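In what follows, a structure is listed as structure tokens, so that the remarks can point back to it.
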Amino acid sequence: MDATMNGTGSPSAGGALESISSARAVGRTADAIFVALLWGCGIFVLILLGLIIAMLFEGGLPAFRNFGLDFLWTATWNPVTENFGALVMIYGTLFSAIIAVVIALPLSFGIAFFLSEIAPESLRRPIGVAIQLLAAVPSIIYGMWGFFIIAPLMAAYVQPPLIDLLGPLPVIGLLFQGPALGGGMLTAGLIMAIMILPFITAMFVETLESVPPMLKESAYGVGATTYEVYKNVSIPYGRTAMVGAIMLGLGRALGETMAVTFVIGNATRLSASLFAPGATIASTIANEFPEAAQGSLKLDSLLALGFILFVISFIVLALSRFLVRSNLKS
Amino acid sequence: MKITTALGMLAVAGTLFAGSASAGDITGAGATFPAPVYQAWAVAYKEKTGTGLNYQSIGSGAGQTQIFNRTVDFGASDAPVQTEKLAQQKLLQFPAVIGSVVPIVNLEGIAANQLKLTGPVLADIYLGKITKWSDKAIADLNPGVKLPDLGIVPTYRSDGSGTTFVFASYLSDVSADWKSKVGAATSVSWPAGAGGKGNEGVAGTVKNTKGAIGYVEYIYASANNLVTVQLQNKAGKYVSPTVPAFQAAAANADWAGAKDFAASMINTPGDATWPITSATFILLPKEPKSGEQAAEVIKFFNWAFDNGNEIAEKLHYIPLPKDVAARVREAWKAEVKVDGKPVWAN
């Protein structure tokens, strides 16, 4: 072994050294350029983000000047009198996104735990791939599916019994009133729940798989049931990442546009009911933008809405980071 | 063998691309409602003359923006542009084609054009004042028709559109309450009901929802066999939405007295008139950068006014009445000039 290495190795080693040293000489400039390019890539993101925020703010500024901060909590959106307020859209955006997360969360937990603990090896891949495919379905397809299939089903089988059963109750009844239109907040939330499901599930699976087997096996060893292991070992271990996953899903739901526009009912009126038509910031922009004339207060207000959506998304992201950090500390 | 096929395909591709963008093509942008007829005209016109039209149906508002910036040869708008704005932007406005808006309903056992409605009742439905199909106000108009005790779901266009402008203009004309509370624009603050995106969104919502009422362009309703209703016109007669009724509206409009051709065809007089009718407009620079391009645009519409009527009618649009087309031609000669000379003379 040694002999062969010495015999054949030394000349080629010398050649390699030579080529390395010559490569270094060229590499110095190339490396500098490479590093500069990397800097450029990094800075590019910052500049791009900064310019987008600046554009939205500058575009929306006339609306803020005109209506003041009242823009944020005025529930009117009247293109005829050019009196605009963002409250209905902000409310609709948050309400529908929260519905989506509330529906998607238990489902994601279930799927993720099933995949990482219970599912036989032969089922893991097909289900995992199917969930990833859900993420690949374009949003407009979800919109059409929601509009032609889910909304009529909701109008026929879900909304009428709920309205009859829960509508007359005090307080909680407010959530279940109005005519059964099929569309509305709940339908929009339902569609979005399915859209954000793959993202949340994927992160949950990753988290659950990172739980050290030793911890789980010890728990099983002392006689814990599957549910107890799930509740007392897996979830506490991955809590931080799970909060991050939920926030990611929420962030995606906040900005969803096409699918929501199809099913939310697009009414610029404030209503507490889950079945009432509403509007989100994104759906309003999608609806009104093509007919908003240049220099009109409507266009300014739409840009201001865009800015508000940006800020809301930013707050959600910041909050998720903060939660994750505080979790890490404890 | 392979090379020849490849060359052949290249040649085909070459002619295709050459066909879609040759130098002298006209560009236009704006209203979506007349886009099918502009595009059909463009195909026929290109066969005749070799000049193509590249029309982008991006919405009236965006079309106005584009012609204000002069990025296209002409803009198209469903709602007429205000006189001051036209003067400020140095634009000539003329109508190209006429269309109508029709209410559609989803009621079991009610056939097309069986239900009768008046303007004020329609306004009250959309105001959320009449909420049941069995309401006395509707029943009184329809003796002998069995109306269900069902909630009415008013449905509207959620996207800004010329259709909404025309419909809301009509409701403003027939109902003082609507005029003061809601008014008319390409999108309004609807007091009741739910919105769908585009004609197909409204039609789909109406189809999905028992007891729904909506409004769409006539071309869309007729192509999809939607259940339309009769409306009472200004003369007090009930009319069904038919092409002769729309033509009557166009013929009875006050074109002579209208500024910038923005003659209202909302609730015009005449026994046979359909009350919700409107023209869609073209915006052309009065002092174009390129006289030749402006002349090409005028030639295109001149040809369409002479030879495009059959195509328009096939697509359920109403061509301009002859005297109106003549007035438009006068305006082209008088107003579209480069260095004081008209760019087009018949």
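In contact with a Gly (Cβ under 8 Å, 6 or more places away or on another chain) and in a helix (DSSP H, G or I): does that describe A:THR201?
Taking the combined requirement at face value, the residue does not satisfy it.
Look through region B:57-75, keep the residues that are in contact with a helix residue (DSSP H, G or I) (Cβ under 8 Å, 6 or more places away or on another chain) and modelled with pLDDT of 90 or more, and return whichever of them is farthest from the other protein chains (Cβ to nearest Cβ).
Here the answer is B:ASP73.
Restricting region A:157-175 to residues that are among the hydrophobic types (A, V, I, L, M, F, W, C) and out of contact with any Gly (no Cβ under 8 Å at 6 or more places or on another chain), which is surrounded by the fewest Cβ atoms within 10 Å (Cβ to Cβ)?
A:VAL171
I need the helices (runs of 4 or more DSSP H) fully contained in region B:28-141, keeping only those with at least 2 residues that are touching a residue at least 60 places away in the same chain (Cβ under 8 Å).
B:35-49, B:60-68, B:83-89, B:119-127
Among the residues of region A:221-236, which ones are surrounded by fewer than 17 Cβ atoms within 10 Å (Cβ to Cβ), out of contact with any Asp or Glu (no Cβ under 9 Å at 6 or more places or on another chain) and in a helix (DSSP H, G or I)?
If the condition is that a residue be surrounded by fewer than 17 Cβ atoms within 10 Å (Cβ to Cβ), out of contact with any Asp or Glu (no Cβ under 9 Å at 6 or more places or on another chain) and in a helix (DSSP H, G or I), then A:GLY221, A:TYR227, A:GLU228, A:LYS231, A:ASN232, A:PRO236 are the ones that fit.
Of all residues in region A:134-184, how many are assigned to a helix (DSSP H, G or I), within 14 Å of another protein chain (Cβ to nearest Cβ) and touching a Phe, Trp or Tyr at 6+ places or on another chain (Cβ under 6 Å)?
The total comes to 5.
Restricting attention to region A:266-301, which residues are of a type in the set (A, V, I, L, M, F, W, C), farther than 19 Å from A:ALA151 by Cβ and buried (at least 24 other Cβ atoms within 10 Å of the Cβ)?
A:ILE281, A:ALA292
Which numbered condition in (1) surrounded by fewer than 23 Cβ atoms within 10 Å (Cβ to Cβ); (2) in contact (Cβ under 8 Å) with a residue 40 or more places away in the chain is the only one that B:VAL145 fails?
Here B:VAL145 meets the rest and fails (2).
Can B:GLU296 be described as outside any loop (DSSP other than H, G, I, E, B), at negative phi, crowded, with 19+ Cβ neighbours inside 10 Å and among the acidic types (Asp, Glu)?
Criteria met by B:GLU296.
Test B:ASP306 against the stated conditions and say whether it is farther than 18 Å from B:MET265 by Cβ and modelled with pLDDT of 90 or more.
Considered against the rule, which asks whether it is farther than 18 Å from B:MET265 by Cβ and modelled with pLDDT of 90 or more, B:ASP306 comes out as yes.
Got a number for residues in region B:306-346 being surrounded by 14 or more Cβ atoms within 10 Å (Cβ to Cβ), without any contact (Cβ under 8 Å) to a residue 24 or more places away in the chain and of a type in the set (A, V, I, L, M, F, W, C)?
Residues flagged as surrounded by 14 or more Cβ atoms within 10 Å (Cβ to Cβ), without any contact (Cβ under 8 Å) to a residue 24 or more places away in the chain and of a type in the set (A, V, I, L, M, F, W, C) within region B:306-346 amount to 1.
With the structure loaded, tell me whether A:PHE307 is of a type in the set (Phe, Trp, Tyr), surrounded by 18 or more Cβ atoms within 10 Å (Cβ to Cβ) and away from chain B (no Cβ under 14 Å) or whether it fails that test.
When the stated conditions are applied, A:PHE307 passes them.
Tell me, which residue of region A:251-265 that is more than 8 Å from every other protein chain (Cβ to nearest Cβ) and not in a helix (DSSP H, G or I) is surrounded by the most Cβ atoms within 10 Å (Cβ to Cβ)?
Only one residue tops the list, namely A:ILE264.
Six or more apart or on different chains, Cβ atoms under 6 Å: show the pairs whose first residue is in region A:266-290 and free of Cβ contacts under 8 Å to residues at least 40 places away in the same chain and within 12 Å of another protein chain (Cβ to nearest Cβ) and whose second is assigned to a loop (DSSP other than H, G, I, E, B) and of a type in the set (Ser, Thr, Tyr).
A:ASN266/B:SER158; A:ALA286/A:THR257; A:ASN287/B:SER158
With the structure loaded, tell me whether B:THR83 is under 17 Å from B:VAL336 (Cα atoms), surrounded by fewer than 24 Cβ atoms within 10 Å (Cβ to Cβ) and either within 19 Å of the chain's Cα centre (by Cα) or more than 12 Å from every other protein chain (Cβ to nearest Cβ) (or both) or whether it fails that test.
Spelling it out, B:THR83 is indeed under 17 Å from B:VAL336 (Cα atoms), surrounded by fewer than 24 Cβ atoms within 10 Å (Cβ to Cβ) and either within 19 Å of the chain's Cα centre (by Cα) or more than 12 Å from every other protein chain (Cβ to nearest Cβ) (or both).
Taking interchain pairs and intrachain pairs at least six residues apart, which have beta carbon atoms under 7 angstrom, with the first residue in region A:54-66 and under 18 Å from A:ASN83 (Cβ atoms) and the second among the hydroxyl-bearing types (Ser, Thr, Tyr)?
Between residues of region A:54-66 that are under 18 Å from A:ASN83 (Cβ atoms) and residues that are among the hydroxyl-bearing types (Ser, Thr, Tyr), the close pairs are A:ALA63/A:SER301.
Among B:TYR156, B:TYR170, which is the only one that is crowded, with 24+ Cβ neighbours inside 10 Å, away from every other protein chain (no Cβ under 14 Å) and in contact with a strand residue (DSSP E or B) (Cβ under 6 Å, 6 or more places away or on another chain)?
Within the list B:TYR156, B:TYR170, the selection yields B:TYR170.
Just to be sure before I move on: is B:GLY144 modelled with pLDDT under 95, small (Gly, Ala, Ser) and over 30 Å from B:GLY308 (Cβ atoms) in the structure I sent?
Yes: the conditions hold for B:GLY144.
Given the structure, is A:ALA293 within 12 Å of another protein chain (Cβ to nearest Cβ) and under 26 Å from A:ARG65 (Cα atoms)?
Criteria met by A:ALA293.
Hey, can you tell me all the residues within region B:27-41 that are crowded, with 21+ Cβ neighbours inside 10 Å and at pLDDT 85 or above?
Hits for region B:27-41 are B:GLY28, B:ALA29, B:GLY30, B:ALA31, B:PRO34, B:VAL37, B:TYR38, B:TRP41.
Quick check on my filter: what residues within region B:209-230 are at the interface with chain A (Cβ under 9 Å from one of its Cβ atoms) and out of contact with any Phe, Trp or Tyr (no Cβ under 8 Å at 6 or more places or on another chain)?
Matches in region B:209-230: B:THR209, B:LYS210, B:ALA212.
A quick yes/no check of all residues on (1) crowded, with 23+ Cβ neighbours inside 10 Å; (2) facing another protein chain (nearest Cβ under 9 Å):
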| residue | (1), (2) |
| --- | --- |
| B:ASP124 | no, no |
| B:ALA137 | no, no |
| B:SER161 | yes, yes |
| B:LYS179 | no, no |
| B:SER189 | no, yes |
| B:ALA192 | no, yes |
| B:GLY195 | yes, yes |
| B:VAL202 | yes, no |
| B:THR205 | yes, yes |
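So A:VAL211 passes all but one of these: (1) in a helix (DSSP H, G or I); (2) surrounded by 12 or more Cβ atoms within 10 Å (Cβ to Cβ). Which condition number does it fail?
(1)
Whether any residue in region B:5-24 is part of a loop (DSSP other than H, G, I, E, B), modelled with pLDDT of 80 or more and not β-branched (Val, Ile, Thr) is what I want to check.
Checking region B:5-24: not a single residue is part of a loop (DSSP other than H, G, I, E, B), modelled with pLDDT of 80 or more and not β-branched (Val, Ile, Thr).
The values are calculated or read from the model by the stated rules, or taken from the named source; none is laboratory data. What you see is a predicted model, and the numbers here were worked out from it, not measured in a lab. Here the Cβ is made from the backbone with ideal geometry for all residues, glycine too, and neighbour counts use every protein chain on show.
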